Each structure stands twice: as C-alpha cells, then as structure tokens.
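Before any comments, here is the structure.
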Amino acid sequence: MEDVANHWAPSVAIFAPLAGAVIMLLVPRANEAFHKWLALLTSLFVFAVMIDIAYYFDYDKSGTLQFIVDKQWIEAINARYIVGVDGISLPLLLLTALIVPLVVIYSWNHFPEPHNPKAFLILILVLETGMVGTFFAQDLILFFVFFEVVLLPMYFMIGVWGGERRLYASIKFFLFTLFGSAMMIISFVALYFLAEGPNGQPLHTFSMIQLNNAQGLAHTTALLIFGGMFLGFGIKVPMFPFHTWLPDAHTEAPTVGSVILAAVLLKLGTYGFIRIAIPILPDAAQSWAPWIALLAVIGIIYGALCCLAQTDMKRLIAFSSVAHMGFVMLGIATLTTFGLEAAVFGMVAHGLITGMLFFLAGSVKERFHTLEIRRMGGLLLQAPRMGWILGFCAMASLGLPGLAGFWGEFPAILASYQPVSGLSEALFRGYMVVAAFGTVFAAGYLLWLLQRTAFGVPREEWEGHHFHDVELPEWIAWVPLLILIVVLGIFPNFIFHTASGGVQSALSAFGQ
Amino acid sequence: MNLLAFTTPHVDYHALAPELILGATLVVLLLVDLASERNRALLGTVAGIGLLAALVPVLTLAVDGTDRFVIAGNPAYVVDNFALTFKALFLIAGYVVVLISTNYIAEGDYYEGEYYFLLLSSILGMVVMASSRDLISIFIALETLSIPAYMLASWRKRDDRSNEAGLKYYLMGVFATAIMLYGMSLLFGVSGSTVLADIGAYTAKQGTQPIITLGIVFCIVGFAFKVSAVPFHTWAPDTYQGAPTPITAFLSVASKAAGFVAIMSLVFIGFFGQSDVWQPMFWVLAVLTMTVGNLIALRQTNVVRLFAYSSVAQAGYMLAPLAVAGDLSDAKTALSAITIYLIIYAAMNLGAFAVIITVARKTGSAEIESFNGLFEYAPGITVLMTFFLFALAGIPPLAGWFAKFVIFRATLDAGTAAAYVLAVFIAVNSVIALFYYARVAQAMWMAPVANDDRTPIRIPPSLTAALAICAVVVVGVGFYPQAVAHIGDMATFV
C-alpha cells in the first residue's frame, strides 16, 4: 500500500477529479442524481487519497519532498512532470480535499440559478484538479498550467451562476489574474535562461528543486524577476492595491464559488511566494520584503476600514479577506521561520473560517433573499442555531484565542517584532504596531456585523415569515469545519510542526 | 555556354509526388464537374480524397527523412523536414476547409466545381511555397496561391460585401506583389542570383548597403501584406467579413501560414547576415500588429470581423521571435516557435470558424448576439467553441498556452532589453485579447437566448468531422505539447 501510495497517490489525487468530470460530460444532464453522486464520490475519493498521503507522510522529514514522481513531459523545453508534497503543501492539500466534498454536499438541494447541476459540478471538479495540481507541482511550467486551470471554471462559475453584476465581476477576475500570470510566466522563462548552478553552468531547467537559491543572476535582474512573480502571486492573494477584483468576485459569485475562492484560490498566491519566489530568489525577496510588508499592513488597515463601510454582508466578508491575507503576507515578509509558519497556519485558518462565513452568508441570502445588513437583525430569534454559528465564526475570525484564527494572526504580528537579519527591525516593529491595530478593527467590524444581524429583533418586513434553521446538508457541510476551527485552535502544533520543516528548507538561504 | 547541349534534368519524382497528385486532382475535379451535372456531392469528396492522397507521399518522404533536391544539384526547390511539415499543415488545413465548405457551398447556390478547383489550386501554391528556396519559385508559389484566393473571396457574387472583399484583396495583393518584385529585382541585381542560398552568402559578406537594405525591406513588406501585419493589414477585416466564411477561415489560417513560410525562408536563408536590417523592422511590425489588432478587435460586434482582427493580432505574436532571431541559436528557437504556433493556431482558428459556420446555419447571422444563450440549446458546440476561444487566448490546459509559451521562450532566449520589452508587450496583449474572446464566451454562456428560439442546431457530418479534428488537436496538444514540440524542433533548416 505504501509503495502504491508513493508512486501514484499524488497523480491520482490530481487527475481523479478530471476523470470524474469527463465521465459526467458524457452523461445527459437530465440524470441529476447521477451527477451529484459521482461528483461527491470523486471528491471523497480524492479526500481519502489525501488522508492516505497524510498517513504515510514522514512528519519528521517534512522539510524534504515526499511522494516524488519525476517524469518526462515536454522534452523540447525541458519541462518535467514533477510532483511531490512537503510540510508546506500538505496542510493546504488537506484543506482543499476537505472543502470540495463539503461544497458538493452544501449545494446538494439548492443549486443556484440557472440550476444545471451537471455543468456546475463539472466545473467544481475541474477546479479541484487545478487546485490540487498547483499544490503538488514542483516544476514551474507544471505549476503555471495548474495555476491557470483554475481560472476558466471560476470564471464560468461567477459568470453563469453569479449575481446581478456577474458579467463585470467574472471578467474582472479573469483579466486581473491573467495579467499577473502573464508577467509570472515571463519571470519563469527568464529564470530558465539565466539561472546558473553552483559551478556557474547554466541550468536550463524549470524544476523548482534545482532552481532553489538560483545563482548567476545580477541583483537588478533578480529584482525584476521577483517583480514578475510578485505580480502573479500578489494579484492572486490579493494584496493591496491589486485587491479590487476580490470584493466584486466574491459578492457576485454563487455561495459555493465564494467558499472555494476564499478557502483555496487565494492561497495559491501566498503559497507561490513561499514555494517559489522566496526559495528561488532569496536575495531579491529580502530587498522586496519591506515593500511587501508595507503593502500587507496597508491591506490590513484598508481592508478593515472598508469592512466598516460595507452595507452588504458578503462584501464585508470579502474585504475581511483582504485584511486577513494581509496578516499572512506580513508573516511571509518577515522571512523568518516563525513568520512563515504563521503564514501557513494563517492560510489554513482563513480557509476554514472565511469559507465558513461565506457558507453562512449564502444560507442567510437563501432565507432573506438579501444580504443588506440594515434589513437584517434578530437572526438569533429567527434561526437561533445559524445565529450562534455566525457568532462562533465571527469570534474565530477576529482572532479569539482558543480558536484557529488566533494562531494565524498573533504569531504573524509577533514575528514582525524580529524580522530576518538584514531587514530593518525598527521598520518591522512599526508595521507590527499598525498590524496590531488591525486586530482591533477586526474585532470592531465583526462584532458590529454580529450585532446588526444576529442581535436585536427582526425587522417588521419579516413579520410572518418563517425561516428554516440549519438544514441537514448544511450541518454535514459545516460541522467538519466548525470542529476543525476548535481543534486547530487548541492543538495548533499539528500545523506548526508539519510546516516547520518545509519552511526551514524554504528559508535555507537565510541560514536559519 | 552551349545551349544546344541541354540535357534533361534529373527529377526526383518521389519528392515531387505531393504536387503531382494535387495537379492530377485538379484535372479530375474539372472532369467530374463536366461529367456529373447532378451529383454535386462528389466534388467535395474528390477534393478531400485528393488532399489526403497528397499527404501520403509527404508521410513516406518524412519517414525516409533525407533532404532532397527535386532537380538534382539545384537548391532552388528542396524537400526537407521544414518543407514537409508545412506541406502536411497545408494539406490537412486544406482538408478541414473542404470539410467546412461542403454544406456551405452546396446549400448556398454557388458554383461548386470551380470552387474546389480554385481552392485546391491555392493549396497547390502553398505546397510549392513550402519547398521554394529561390526568388522565382517563391514568386510563382505566391501567385499560384493568391490569384485563386482573390476569386474565392468574391465567391458570393450577389453580395456587395463579397465583391468588395475580392476587389480589395486583389488590389492590395497585387500592389504588395509589385513592391516585393521590386525588392527581389534589387537583390538579384546586386547578388547576381535568384537562389536564396547564394543571396544569403552574398549579403552576409556585405556591410549595410542601401540597395540591399531596400531589397530586404521591400521583400518583407510584400509578405507583411500576406500575413496582414499592421500597417499592411487594412484589406483583412473587409475581405474576411465579405468572403464566404470557409474562405475566411482558409485565408486566416493557410494563406497566413504560407506568408510566414516565405518570410522564414527569405529571412533565415537569404537575409540572415543582414539581421541589423530586419530585426528592428520585425520588432516594430510585431508590436504594432498585436497591439493594433487587439485594440480594434475589442470594439467589434461581428464575430467574423472580430476574428479578422484577432488573426491580425495573432500574426503579431508570430512575428515577435523574428525580431530577436539575429544569431544562430536564437534563429533555431524562433523557427521552431513560429512553426509550433502556426500548427496550433491552425487547429484553434479553423475550429472556431467551423463553429461559426455551424451556428450561422441556424441563425443566418455572424453578429455576436446570434451566439446568445447558445449553451441552452447547443451545449456541445458551446463547449467546443469555448475550447477554441480560450485556446486562442492562451489559457491552459488548451493548446494555445503552449503556442504562447514557445513564443515567450523564443523571444526571451535572446536575453536583450529589446527582447524583454517585447515579451511584456506580448503579455499585456494576451490580457487584452482575453477580453474579446471572453465576450463571445459570455454571449454563449451568460446571455439569454435570442428570440427564445431554442430549436437545436443540426450539424452535418462533414462539419462534425472538422470540429472533431480541431478539438482533438486543441485538447490533446494542450495536455501533451511534446507532440508538436517535437515537430517544431525537427522542422529547421538553419
């Protein structure tokens, strides 16, 4: 079993959803039950494979890649099919494999207009292939391909099943991210031509492992190459000032799309920084770090202020994503093991919590047919269980100790007290203070949201309306996330320990 | 020299077989047209079989693998891997054009026999172009492929637009040819030979000379018309929109590829030593072509016109590697990149036109609005069109990404500042292009059905076959690009 897992598990996890999607393509769309079950089983199968990988994963060597497969793919350009998993990607892969079956279950009985479960589920499965593939890929071109594969399904998901301004939101999402990745691919190809091995011989490779701490680049060249990657990953995160696509995409996307977007897609960007940009170009990363950290804290404050100004619940949660991803980027910008571990934790925590919040927003919208905060109120009276869950998630999101959100934010702030040697301590301590204010704002906007939606009495317009409380598919989709938010809050070490090895090898150039 | 001592040249008939088969097919077509007044369906079949039959010797020559001179000792007309690759491309693209023409021509009350005759003549010219390494044979190939195309463009003779298309194409075409001939005469004048290899050897030894520069510039300008590079593109949108749609597909794919074949032979064999002249020229042409093409495409409301500008922009990407192909290793990557791009582009663009023709069979229109809500009643075609559109935009995992990627790679291989700036232009342009490709996708997927008319579209078998061929290439190559990368690497003569 272990042997089979070693050679096949990553590829099976990547391509099983695609295979499922192809089968669904061939079955007529009237057969809805078939499509639902096949999508669910496929995604559960991927989850099982990921559990298998997690089971056989050697946690003491989380710094080295495991389950490596290295095969010829495009000889002409020396791009190889290299997949593998280490301590950084494992938590994110588990998160992805968990979220997908949950969204399938959540949508079981209420597919958004214009219905069509077949197309909707096919898109989700293609999306899963892209996401899982991105986290597994260890070759820049393979990474690039998977990184882009997620664009099309998400574009259609927003554009076809989205809200009123879906056309605008979907094309904006597509154009922004495509611009970033076009710049990113230039950087990748430049690395291919310019990077040299330890003996000064040109590498001519796209393998991330061989490109680690690439030599032979003039400092300005390295800065420019990093800049290209920064655009590619930074737009995806999204960092201020490239965040403007996010609120639109989130607001217009169907619930399930928002959940996947928040829980997984944004992480592709931050993951790219940790996996590619920093290990390959450590010197350039150090020169960029103060600016990245600056944009990160601007994002924290700006995102929080925007949250305070929102009148739409979903848009508010979207802006809170900007703020939270700011903490993750701040942790990354310190270039310390502690900071990067915090970032990995922050990614998982944000995925669970914000994913949950978008689920809730979707369910609220289903019942109220609006997300306008001022028309709501008294959710605790109308649907008490849902109200309590919303309260719980708000607490988790604002970083209450004991829940997962805390371990994403607090260590990131702490890490900026002492950035890697070479970066200005004074500057980062300044950032630290600003970021700490950001948590106060976060408490502010989340509690205010809770107060306006959950507390008080329902408005007159809802009198006589009966609201269903949490229903079965919702319970099944939410309980795993809620449990994980608590468990990871109490035992954060599972992720810190897993990530630390990988983070150390990512930062090996800094001698930590 | 004693003229009486003429000896018959030794002709390698195996090497010439594809051209001979096409020539024979042309004769058969005329005879069938005469003999069978009633059985019109036979004509398309004969044309298709002729194209596939011509493919057979191409394959046997490829398996054989040795480079040959068709006339022993004469480097004017050669058969090498480069020539074979493009012969195969022209024949297969021609076959797909025959497939998408069949119903269009049969149902549209047009002359059928002449249509296929001219189409195959044009393809014959292209096949000849792939082997030509001599100014005269290049010129003959160019005329053989162009003159039938002028007539085909105006084939819808009762339509003013089509007449305009043919006339515009003809006037612009002969104008370009005249400029090119002038350039050729200058080059012949200074070098004393029409064979490209001789011209190459001569120009490499010379420094910058006004006459040589002028000759090179004029030759390139002539073919810039053919590939519709800005500012020589003005004929393309009107011609594309007015011509019968299958002919538009043919012009935008095969005719363009033939132009690139000629440019590559001229530049890499004839003018290689003069890279100071053509590199900057291609840089400017490439940037102008992709930017202007894309920006104007943004404003189009007619799908065919949109694809006209899109194909202008696509030519810009293909010109880019030429701008930095000055030294030998860069020339190799540039050559293979352009070859790969042309192959993939042929599949994507022909596929898209096959869908446009299929949809127009029902709606009778080529406005973007006629695609509204297509997903509701024709999901299969919608998915295919989506594949072709986003392949053209270069989104993985569809083949277009690899085409774009090799262009990036070939451009950046040079490593100069000019190369990096050019690469950024390509990157920004691919983002602009996405916008208009996505607009067609938006109409199909996200707009409500026009007139609530949900009658399904019947797809005739020949169109189904064309769609299948293109879709297999677009999806297959996207996942396993090595399939064409290998061809691209082989098809060099530098």
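Just so you know, all these numbers are worked out from the coordinates, no wet-lab data involved. Keep in mind that what you see is a predicted model, and the values were worked out from it rather than measured. When we count neighbours, we look across all protein chains shown, and the Cβ atoms used for this are built from the backbone with ideal geometry, even at glycine.
With a Förster radius of 60 Å applied to the beta-carbon distance between B:Leu30 and A:Gln72, the computed FRET efficiency rounds to 0.75. Starting from a Cα-only point model with no solvent, please compute log10 I(q)/I(0) by Debye for segment A:311-466 at q = 0.10, 0.17, 0.18 1/Å. After summing over all Cα pairs, the log10 values are -0.40, -0.89, -0.96.
Using only the Cα atoms, work out Rg/Rh for the protein assembly as shown, with Rh taken as the Kirkwood radius, to two decimals. Provide the component values of the computation, followed by the final result.
Numbers: Rg = 30.5 Å, Rh = 30.1 Å.
Result: Rg/Rh = 1.01.
Name the helices (complete DSSP H segments) of chain A with a Cα length along the long axis of 24 Å or more and a Kyte-Doolittle mean of at least 0.0, or state none. Span-like helices in chain A: A:2-26, A:32-56, A:89-106, A:117-136, A:166-194, A:219-236, A:282-309, A:313-333, A:337-368, A:425-453, A:472-490.
For segment B:421-428, the Karplus equation 6.51 cos²θ - 1.76 cosθ + 1.60, evaluated at θ = phi - 60°, returns couplings of 4, 4, 4, 5, 4, 4, 4, 5 Hz by residue, with Gly and Pro reported as x. Against the longest principal axis of chain B, how steep is helix B:13-35, in degrees 0 to 90 to the nearest 10, with axes from Cα atoms? The answer is roughly 40 degrees.
With the contact rule set at Cα under 8 Å and sequence spacing of 6 or more, what percent relative contact order holds for chain A? Write down the numbers at each step before the final one.
On the way: 931 pairs, mean separation 82.1, N = 512.
The value is 16 percent.
Taking other C-beta atoms within 10 Å as the exposure proxy, A:Asp469, A:Asp139 rank A:Asp469, A:Asp139 from fewest upward.
All Cα-Cα distances of segment A:130-233, cut into 10 Å bins from zero to the largest, leave 15, 38, 27, 13, 6, 1 percent in each bin in turn. Dividing the summed helix terms, -39500 (n - 2.57) for each DSSP H run of n ≥ 4, by the number of residues in chain A produces a 222 nm estimate of -23000 deg cm²/dmol to the nearest 500.
Computed with the Debye formula from one identical point scatterer per Cα of segment B:28-95, without solvent, the log10 of I(q)/I(0) at q = 0.16, 0.19, 0.24, 0.26 Å⁻¹ comes to -0.66, -0.78, -0.97, -1.06.
Counting beta carbons within 10 Å around each of A:Thr251, B:Thr386, B:Thr144 and listing the fewest first gives the order B:Thr144, B:Thr386, A:Thr251. All Cα-Cα distances of segment A:412-464, cut into 10 Å bins from zero to the largest, leave 22, 28, 18, 15, 11, 6, 1 percent in each bin in turn. Relative to the longest principal axis of the Cα atoms of chain B, the long axis of helix B:256-265 makes an angle of roughly 20 degrees.
With a simple spin-label model that places each label point 7 Å from the Cα along the Cα-to-Cβ direction, the separation between B:Val424 and A:His468 comes to 5.4 nm. Taking a label point 7 Å from the Cα of A:Gln215 along the Cα→Cβ vector, which residues of segment A:278-292 have an amide N closer than 13 Å to it? Once the point is set 7 Å along Cα→Cβ of A:Gln215, nothing inside segment A:278-292 turns out to lie under 13 Å by backbone N. Listed by chain and number, the lysines whose alpha-carbon sits under 16 Å from that of A:Lys61, ignoring those within fewer than 8 places in the same chain, form an empty set.
For segment A:44-120 versus segment B:435-484, the inter-centroid distance based on Cα atoms is 29 Å. Suppose we look only past 42 Å in the calculated P(r) of chain A. What percent of the Cα-Cα pairs does that tail hold? I get 13 percent for the Cα pairs in chain A exceeding 42 Å.
Which shape class, rounded, prolate or oblate, goes with segment B:268-349 when its Cα gyration tensor gives a ≥ b ≥ c as root eigenvalues, a/c under 1.5 marks rounded, and past that a/b bigger than b/c marks prolate?
Numbers: a/c = 3.67, a/b = 1.83, b/c = 2.01.
It is oblate, given that a/c is not under 1.5 and a/b is not larger than b/c.
Within straight-line reach of B:Lys168, meaning a Cα separation under 18 Å, sit the following lysines at least 8 residues removed in sequence or on another chain: B:Lys157, B:Lys226, B:Lys256. Would you mind getting me the FRET efficiency between B:Asp67 and B:Val284? Use the beta-carbon distance for r and R0 = 22 Å, nearest 0.05. It comes out at approximately 0.05.
Among the listed pairs A:Lys267/A:Lys314; A:Lys118/B:Lys404; A:Lys36/A:Lys71; A:Lys36/A:Lys236; A:Lys236/A:Lys314, which have their C-alpha atoms separated by more than 23 angstrom in this model? Walk me through the intermediate numbers first.
Values: A:Lys267/A:Lys314 19 Å; A:Lys118/B:Lys404 32 Å; A:Lys36/A:Lys71 34 Å; A:Lys36/A:Lys236 30 Å; A:Lys236/A:Lys314 19 Å.
Pairs exceeding 23 Å: A:Lys118/B:Lys404; A:Lys36/A:Lys71; A:Lys36/A:Lys236.
Once both labels are positioned 7 Å from their Cα atoms along Cα-to-Cβ, the gap between B:Phe6 and A:Ala436 label points is 9.9 nm. Projected onto planes of every orientation and averaged, the convex hull of the alpha-carbon atoms in chain B covers 23.0 nm². Counting other Cβ atoms within 10 Å as a rough exposure proxy, the listed residues A:His110, A:His466 run A:His466, A:His110 from fewest neighbours to most. Here r is the Cβ-Cβ distance between B:Thr45 and A:Trp475 and R0 is 56 Å; the resulting FRET efficiency, rounded to 0.05, is 0.35.
Relative to the longest principal axis of the Cα atoms of chain B, the long axis of helix B:135-153 lies at roughly 20 degrees. Less than 13 Å from a label point 7 Å out along the Cα-to-Cβ axis of B:Gln206: which backbone N atoms in segment B:158-196 qualify, by residue? What the label zone holds, given the 13 Å backbone N cut-off, is B:183-194.
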